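Structure first, then comments.
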Amino acid sequence: MQRRALPMWAWLFLGILSGVPAFAQPLESIGDVALQPLASATERLIDALEAAGAPLAEKDVQSLRRILEEARPGASLEIQSILDRYCLASVNINPESRVKIHAGPAPKVLLQGGWSTFLVKVHNEAGVTAPLRALSPNAQPVFRTEYDQPETVTPGDVLSRFLDLSIYSAPPMRDHLSGLALEYAIVQLYSRDAGPREALLAFDVGQGTQDIGFRSEVAILFDCRPAVEVTLRVLDVDDRPTTAWFVLRDDQGRIHPAPAKRLAPDFFFHHQIYRHDGESVRLPPGEYHVQFGRGPEYLTQERSLTVPVDTEALEETFRLKRWIHVAKEGWYSGDHHIHAAGCSHYVTPSEGVLPEHMMRHILGEDLNVGCVLSWGPCWYYQKQFFSGQTHELSQGDYLMRYDVEVSGFPSSHSGHLTLLRLKEDDFPGTEKIEDWPTFDLPILKWAKAQGAITGFAHSGWGLEVADPNLPNTAMPRFDGIGANEYIVDVTHDVVDFISTVDTPILAELNIWYHTLNVGYRTRISGETDFPCIYGERVGLGRSYVKLDGELDFESWVQGVDAGRSYVSDGRSHLLDFQIEGVEAGAGGVSRLDIASPKTVKVTARVAAWLDPERTPELEDISRRPLSDRPYWHIERARLGETRRVAVELIVNGIPVERREIEAAGQIVPLTFEWRAERSSWIALRVFASSHTNPIFVHVAGKPIRASRESAQWCLDAVDQCWRSKEPGIAEDEKEAARAAYEHARQAYRQRLSESDSD
C-alpha cells in the first residue's frame, strides 16, 4: 500500500507531543442545520481528505459514517463535535456578509518543507456562494521581479514570509461556498522553516467583506517541525561525483521545495533544483516521485523515494546515464546567451543572482561553456562580475564568462547584440546606458576593435513571415529585436554569427541562407536566452565546437567565429562534417577549391536520440507549428511513428539529398555525393534539431553568388529595415546611419550584378 502524506490524525498526535493542546478552544456548535445537505457535504469531505493525502482518523471516519447512517436527532451536532477537532479556524459570515475569525482547536503544528492540511468551519449566515479566500502577510512573495518599480524585499521580509497557503478546491470539493448555513472547507499550509513561527491568517469572501476591528484575522503561533535532511549522492557514468538536476513531487504532484518560497540557488520559476554530490534537500516524510538527469546528452531517469517519519537524516544515491558523450569526441557545448538578471530573475532581495548560482546551473546541465551576459536590467550591479576573462568559478571542462548583450540600450530597436570576449564593457565616452549609440554599427566596430566575437541575439524576432518555404522571398517587417540590422552590418564585416534555436527556425535560417547565397560567411551559433525566451533551463540551444586540445574559452569562442561548430538542441549531433577531407571551420575559412566542376564526397558522423515511447507532451511538440516553442526539438524531426530522423545535405539553402538514421544513440557514419557545378555553400542539418556551419566550395576560383533572388531580397531588405529603424535613430547619428545603409545597398547591388540566375 502506498504511503501518503501525514494524515490529519497524525497532526493531532504531533500536537500532543509538542505540548500543543489537541482539543483546546472548542468551537461554537451551530444548531438547526439541515442534515441531508450536511451529510452529503461530509461524505465529500471524507473523500477529499483521502484524495489530498490527509485522511481523518479511521475511528472518526467510522463514527461519522455511523452518524450519517442512523440519522438520528442531533446528528448535525455530533458531526460538528468530530470535525471541529480538525479545524484550524472558524469563519463566521454574518447576514451583512462580514467575516470574522476565531482560532480552532486543531494543534498548530506544521512540517518544514511540507503541506499540512486542516479544516475550516464556516458558519454562513448570509448564504454567500463566493469562493472562500485564505490570506496571510506571511505568505507574500519572498522576491520581486518588477524592474521598473522601487519596492524592495528586505531580509526581514524574507524571514517573515515563511508561509504558503491555499484553499483545497480539487474535486470532490467545490471552488466556492455552497450557501449552506454550515460547511467545512479544507485549507493547506506550507512552512519553509522549522521552529516556532507566528502567522497572521485571514479569510474573506471577496474584497470588502472583512469585519472591522481586526476580527477578520487571527494570529497563530505554529510549531514547525523540522523536515528530514536528505543527502543526495550524485554519481556520473564513471562513478565520479558530479552535479545533476532533480524534480521532486509528492504523491499529490506538488513540487518540492515549494517554488514560491525559493531563493537562489534554487530558482522559483523552475520545477527542478540542482545539487552537487553530497549536498542535501530537506523533505517532509512521505513518498516522492523523482526525475533526475543532466543536460540533453543524459537520459532522464525516474524513481521513487521514501522519506520515513522516524528519521532525521537520509542518504540516497543517484547514478546518471548518458546516451552520448560528444566532449570525448572533441566537441564542447556552449550557450553564449544566458542571464543572471532580468526577465524571470528577481530584482530584490538582490539585483539578480550571483555567479555561484549561475555556475551551479551550468554544471547541472553539463554545459561546457556558459556566457553570462549582463544587459539592461541590473546592468550596474551585474557588470561588477565582468573581468574580461574566464570567471574564477570555472573548473576543468566547465567554463563561465561574463560578457554583454546590448539589450535595454538605445540601439536595441535595431537588434540585440551579443558581444563575446570583450576586454572593456563600457562604450567609450559613456557613463550610463542612455549614452550608448542608437544603431548597431558603431557598437559592433568598437567591439571588433578590441578583439571581440560579435553576433545578433534571438535572430528571428522581427523576421517572421507566413511563407513556410526555406528559403523564401517574402519580406519581413524588420520591426523586432532580432537579426534586423544584420542585413546592413554583415556588409561591413563586423558580424561573426547570428544566433539560433531560441526563435522560429524559418525566420532565423531564412536571412542567414540569403546572405550566404550572395557570398557572406557569417556563422550560426546556438543560444537559449535564459531565462527570457527559454526559462526552463540553460543550454536548450547549444553550439558544439571542435577543439584539438583541452577546453579553454579562447579556443572555444574562436571555434564559433571560424564555424568549426554545429548548432543543436543537444539531441542530435553532426560530428566531423567534411567535404573531400576539408573540415568545417578548418583554418578559419572552411573553404574547398576545385579547378572545375566535379562530384565531391561529403562525410559526417551523425547521432540522435528519440525516446522509444512518446509521451503526450512529446507528441504535442511534434504537432506544434514551427512558430511555437520549442522552436528546435528532435521530436520535430521524427519521421512518422518511427524512431528515425532524416539528415539532409543542404546546398545553397536547398535540400539536395537525404539519409535516414535510427535515433537510438549510436554514432552513424554517413556519406553523400554531390556534383559541384558552381561555387556554393554546403551544410548538413536535421530539421529542426541541428545544423552545421557551412563549407564553401569554390569552382574555378569564382565567388559564391548562388542566387539573384537572394541578392534582390537582401537589397530590398535594407530599405525595409531603414523604414523600420530610422525613427529610433538619434538625429545626430542619422547621417552616419544613412551612410551605413547606403554602403549595404551598394554591396548588394554589386553582388546582384554578379549573381547566377536562380
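The values are calculated or read from the model by the stated rules, or taken from the named source; none is laboratory data. Because the structure is predicted, anything quoted here is derived from the model rather than measured. Reconstructed Cβ throughout: ideal geometry from the backbone, glycine too, with neighbour counts over all protein chains shown. SASA here: full protein model, heavy atoms, side chains in, ligands and nucleic acids out. Shrake-Rupley method; radii C 1.70, N 1.55, O 1.52, S 1.80 Å.
Here the Karplus relation 6.51 cos²θ - 1.76 cosθ + 1.60, evaluated at θ = phi - 60°, turns the backbone of the range 87-104 into coupling constants of 8, 6, 7, 10, 10, 10, 10, 6, x, 8, 6, 8, 10, 10, 10, 10, 5, x Hz, with x for every Gly and Pro.
Name the GluC sites (Glu not before Pro) in the range 617-660 that are in a loop by DSSP and that have at most 14 other C-beta atoms within 10 Å, would you? Walk me through the intermediate numbers first.
Values: sites: Glu617, Glu619, Glu635, Glu641, Glu648, Glu657, Glu660; in loops: Glu641.
Filter output for the range 617-660: Glu641.
Loop-resident GluC sites (Glu not before Pro) (DSSP state other than H, G, I, E or B) in the range 470-566 with no more than 12 further Cβ atoms inside 10 Å of their Cβ: Glu550.
Once backbone amide H atoms are built at 1.01 Å from N, Arg322 has Leu299 as its partners under 5 Å, excluding neighbours fewer than 5 places away on the same chain.
Relative contact order of the range 525-659: 16 percent, from C-alpha pairs under 8 Å at least 6 residues apart in sequence. Considering only protein heavy atoms, what per residue accessible area in square angstrom results for the range 671-758 with a 1.4 angstrom probe? With all protein chains present, the range 671-758 gives 42 Å² per residue.
From the helices alone, meaning DSSP H stretches of at least four residues, give me the mean residue ellipticity at 222 nm for the chain, per-run term -39500 (n - 2.57), in deg cm²/dmol to the nearest 500. Spell out each step's value before the answer.
On the way: 14 runs with 152 residues, N = 758.
Value at 222 nm, helices only, nearest 500: -6000 deg cm²/dmol.
Take every Cα pair under 8 Å whose residues are at least 6 apart in sequence, average their separation, divide by the length of the range 85-143, and the relative contact order is 38 percent. Given [x] 1.14; [y] 1.07; [z] 1.27, which label gives Cα Rg over 2.2 N^0.38 Å as computed from the coordinates? Read-out from the structure maps to [x].
Counting only protein heavy atoms, what percent of the accessible surface of the chain is carbon or sulfur at a 1.4 Å probe? Ligands and nucleic acids excluded, carbon and sulfur give 50 percent. Working note: Karplus 6.51/-1.76/1.60 with θ = phi - 60° gives the range 543-550 the couplings 9, 9, 10, 7, 10, 7, x, 6 Hz, where Gly and Pro are set to x. Residues whose amide H comes within less than 5 Å of that of Arg233, counting only those at least five positions distant or on another chain, are Gly278, Glu316, Thr317, Phe318 (H built at 1.01 Å from N in the peptide plane).
Measuring from each cysteine beta-carbon in the chain, the ones with no other cysteine beta-carbon under 4.7 angstrom are Cys87, Cys224, Cys371, Cys378, Cys714, Cys721.
Applying a length cut-off of 20 Å (Cα extent along the axis) and a mean Kyte-Doolittle floor of -0.5 to the DSSP H helices of the chain leaves 35-51.
Listed here are the pairs Lys448/Lys598; Lys546/Lys734; Lys328/Lys383; Lys59/Lys108; which of them are more than 30 Å apart at the Cα?
Details: Lys448/Lys598 38 Å; Lys546/Lys734 42 Å; Lys328/Lys383 34 Å; Lys59/Lys108 22 Å.
Distance filter (> 30 Å) returns Lys448/Lys598; Lys546/Lys734; Lys328/Lys383.
If you take every DSSP beta bridge whose two residues both sit in the chain, what share of them, in percent to the nearest 5, is antiparallel? It would help to have the intermediate numbers written out before the result.
Numbers: 111 of 149 bridges.
Bridges in the chain that DSSP calls antiparallel: roughly 75 percent.
With one equal scatterer per alpha carbon and no solvent term, the Debye-computed log10 I(q)/I(0) for the range 429-584 at 0.09, 0.20, 0.21 1/Å reads -0.31, -1.46, -1.54.
Loop-resident trypsin sites (Lys or Arg not before Pro) (DSSP state other than H, G, I, E or B) in the range 388-450 with no more than 13 further Cβ atoms inside 10 Å of their Cβ: Lys423, Lys432.
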